[in-house]
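**Q** After the structure tokens below, expect a handful of questions from me.
Derivation of every value follows stated rules applied to the coordinates shown; laboratory data play no part. All figures in this text were calculated on a predicted structure; none of them were measured in a lab. Using ideal geometry, Cβ is built from the backbone for each residue, glycine included, and neighbour counts are taken over all protein chains shown.
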Amino acid sequence: MSTDVKPSWTASRLPFLADWEARIAARTLPREGAYLSILPWVITAGLVLLAASGLVLAVYYSPAHAFDSIQFIDRDVNNGWLVHGFHETGATMVFGAVYLMLFRGLLARPYKAPAELVWLAQVAVFALLLLVGWLGYTLTGGAASYWALTEAANAASRLGGAPGAIGVWFFGGPNGDGTLGRMAVFHIALALVIFCVLWLHRAAKQAVTPPAVGRGAVGFHPYYTSQYFVALVVFALIFSVLVFFAPHFGQSRLNLLPADPTIVPGKLLFPWYLAPVSGLAALLPGTAGGIIAVVAGLGVLVALPWLDLSGPNGRAGFLYRFLVVVLALDVFGLGWAASSPASALSGILVVLFAVWYFLHFLVLTPLVTSMEAE
């Protein structure tokens, strides 16, 4: 009797689906896999939701009348408020999952050789999401986002050399007619790039993860697919609570007011997921200096596989894990201080939290991991 598995109706008509089904059926994974390893799939699902809701918003959005078009969507388009809430809440959920993925990575050390590319892809997803999130923040046309875009565009136009040329190409010059149109195009284009980087992350992870064998091995389906389903249900429950009871969670209240070129906010407030980054930017004065500080903050994440001196088989000790927990509290405090009203105390706290962030990666991580390697 033949034991060949008959392909599905679609696979028999699309050969590439037959290959995909065969790989899924033959794939084996450890029975006791880490549950949070499904975060990239959750992030992908959240990005699909963002893409779908963003497509609907783009139909009604007008860059020339940004704030008014958002109000039109919320008030006059059938269920427009719900689609807008899906998009804002989806951003919150995706960023929450990405922050959790990064801090899980700091504890689990997926950046150890030969998996450096897995970690670099995660950092690339984070960096692209920050840029896409900032672009989405500017598209609202609110009082805070208008001045955030104005300061960034003016600083880029004053830069010289290659950075200045890139800045002028990106913004098209100082903030003016057509600038929001350019930001909308980059917002969509870079969002598509994130899907490509997630695919690279998945391919890199599979390349360094050998298939499980023996009694501890289970098939990807249905053992892992059922876990993914449960994770998506939990994601959907949290998402539903936020979208119906706190649709504007963590958003800047200043953006509830229309932009006014004659009124400059005392302090620019960003959404919660951009707040820690804005705190890093406060280390160096001026918008150009802030950009350098943010790039440096991402740079230490990129360099982490080489800042960790524990060796390929080194295990994280108690002190290292404790410092990662302190880092998580530090990032939370940095975002809180950056979102607080302008005062001398909040300014001091922002600097202290930002300095500790760089101290953790540049000093404490090499020191502690070298001690563990001995």
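**Q** Please list the non-local residues whose amide H lies under 5 Å from the amide H of Val218, H modeled 1.01 Å from N, same-chain partners needing a gap of 5 or more.
**A** It is Leu29, Arg31, by chain and number.
**Q** Can I ask one more? Have a look at Pro305, Pro114, Pro163 and tell me which one the Gaussian network model of the chain (Cα, springs below 10 Å) gives the largest fluctuation.
**A** Pro163
**Q** Another one. With viscosity set to 1.002 mPa s and temperature to 20 °C, compute the Stokes-Einstein D of the chain, Rh being the Kirkwood radius across alpha carbon pairs; µm²/s, no decimals.
**A** For these conditions, the coefficient is 94 µm²/s.
**Q** Compute a Gaussian network model of the chain, connecting alpha carbons closer than 10 Å, and tell me which residue from Thr225, Thr92, Thr179 fluctuates the most.
**A** Answer for the Gaussian network model of the chain: Thr225.
**Q** Who wins for biggest fluctuation among Gly160, Gly333, Gly299 in a Gaussian network model of the chain, springs between alpha carbons below 10 Å?
**A** Gly160
**Q** Roughly how many whole Å is it from the C-alpha centroid of the range 37-78 to that of the range 102-119?
**A** If we compute the Cα centre of each part, the gap is 32 Å.
**Q** Shifting gears a bit: Which FRET efficiency, nearest 0.05, do Asp68 and Leu367 yield, Cβ-Cβ r, R0 51 Å?
**A** Once rounded, the FRET efficiency stands at 0.40.
**Q** How much length, in nm to one decimal, is gained on full extension between Ala113 and Asp177, taken as 0.36 nm per residue of separation minus their Cα-Cα distance?
**A** 18.2 nm
**Q** Dipole size in debye (nearest 20) for the chain around its Cα centre, Lys and Arg Cβ +1, Asp and Glu Cβ -1?
**A** Computed about the Cα centre, the dipole is about 740 debye.
**Q** Kindly point out which whole DSSP H helices in the chain project their C-alpha atoms 24 angstrom or further along the helix axis while averaging a Kyte-Doolittle hydropathy of -1.0 or above.
**A** 39-60, 80-108, 116-138, 179-207, 225-245, 318-339
**Q** Per DSSP H run of n ≥ 4, the term is -39500 (n - 2.57); total these for the chain, divide by its residue number, and report the mean residue ellipticity at 222 nm rounded to 500 deg cm²/dmol.
**A** That calculation yields -22500 deg cm²/dmol at 222 nm.
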